[in-house]
Amino acid sequence: MVVFVEILRLFVVLVGALVGLAAGGPGPTGRVVGAVIGVLVGYVAGGITGRLLVRGVREADRSLLDVPALELLAGSFLGALGFLVGVVCCLPLFIFVRHDYDYPIAAAVAWAVAALGFRIGRTNGRRLAEAARIMRKLDPIQAAPEGAVLVDTSAVMDRAFLVLATTGLLGREILVPEPVADELSALSESPDPVASRRARRGLEAIEAARDAGITVTVAPGDFPQAAMTEEKVLQLASRLGVRLFTCSGEVARQQENVGVPIVDLRGLIADLAPDHLPGERLSVDLVKRGRQHGQAVGYLPDGDMVVVNDAAELIGSPGVEVVVVSTRPTSQGLLVFARLEGDSGRGTSAVRAL
């Protein structure tokens, strides 16, 4: 932005010099003095004006190499459009004023509006491109980018997709088949409130992943011989040779037929769920008192701590039967809150106590 400020300052200095020449006193000396004063005022005013404009339109700074093509295209388009708008706005100067300093003024205004348009285009380029139905697509014979993964409709609509995608756990390149994108758009307008809500959540998750720096690409999946979206996604995964993420058990069972890895997100979430679910019965040795009155603490064979409410009198007893109330992950492992079996009325107080 230093270049922008200096170029704008140059235009303002030229305007100041021409205005000083025109407003200077009679004779060469007066015109020179007026021009010098105009240059000095223009130099100061140009720097202040440029920095104020930069501050008004500045966003997170990044080099053009990091700007996605859609944003760069939209920024260039709006920058050129802004330049033309700036020139048009200065037409009254050429019509009514008709002086030498009309041109630098017009150039300065056009430059400022063009820079503003470029910034707006960079910031909203992806949204503008999507609004115009412009999407980056893979050529049918082009290989998938290295490390890319494919997702189907069930995966995008699942709540886990937002977390996995935005944190980069699905990779830096996510391929959304074109039939999936079309199905999401159709479902978002569905009269079924549940399907519509889930589809809109999926579309918002895709946008959130893009905002997080993940490249989300719409990949063409035109397979006339396949009637169902799932069949098209499976064929596309097989052709590109990429992993497919799904939440559909039916799709997950097609792994052997497709010949590519298929990851069932719901199965993955189930595997990552806490080992001990509420209502599960455990046998634990209570070895010491807890932080709160009446609490007893024991440990499971894998090292996880169990906090049992109203069991202080059983400290030192082996194999005490307890019922899991809830669990909480900690930096040292899983913390299990439990109650004595048959003591259902006070089971949740252990959780409140901590």
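The numbers here are math on the coordinates, done by the rules we state, and not lab data. Quantities reported herein were computed from a predicted structural model and do not represent experimental measurements. Glycine also receives a Cβ, built like all others from the backbone with ideal geometry; neighbour counts cover every protein chain displayed.
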Cut-off under 5 Å, modelled amide H: who pairs with residue 320 long-range: 284, 285, 286
Protection proxy ranking of 203-210, 187-194 - average other beta-carbon atoms within 10 Å, highest first: 203-210, 187-194
Karplus 3J(HN,Hα) series, Hz, for region 314-325 with 6.51 cos²θ - 1.76 cosθ + 1.60 (x for Gly, Pro): 9, 4, x, 8, x, x, 6, 7, 10, 10, 5, 9
Amide H contacts of residue 263 (H built 1.01 Å from N, under 5 Å, at least 5 apart or other chain): 244, 245, 246
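Work the Kirkwood hydrodynamic radius out for region 149-272: mean of 1/r over every pair of different alpha-carbon atoms, inverted, in Å. Before the final figure, lay out each step's value.
Numbers: mean 1/r = 0.0695 Å⁻¹.
Over region 149-272, the inverse of the mean reciprocal pair distance is 14.4 Å.
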Whole-Hz ³J(HN,Hα) from phi, Karplus 6.51 cos²θ - 1.76 cosθ + 1.60, for region 190-203, glycine and proline x: 5, x, 6, x, 5, 4, 5, 5, 5, 5, 5, 5, x, 5
Whole-Å distance, taken between Cα centres, linking region 145-224 and region 246-311: 28
Cβ-defined net charge surrounding residue 19, 12 Å radius [Lys, Arg +1; Asp, Glu -1]: -1
Residue-by-residue Karplus 3J(HN,Hα) for region 172-177, coefficients 6.51, -1.76, 1.60, Hz, glycine and proline x: 8, 9, 10, 9, 10, x
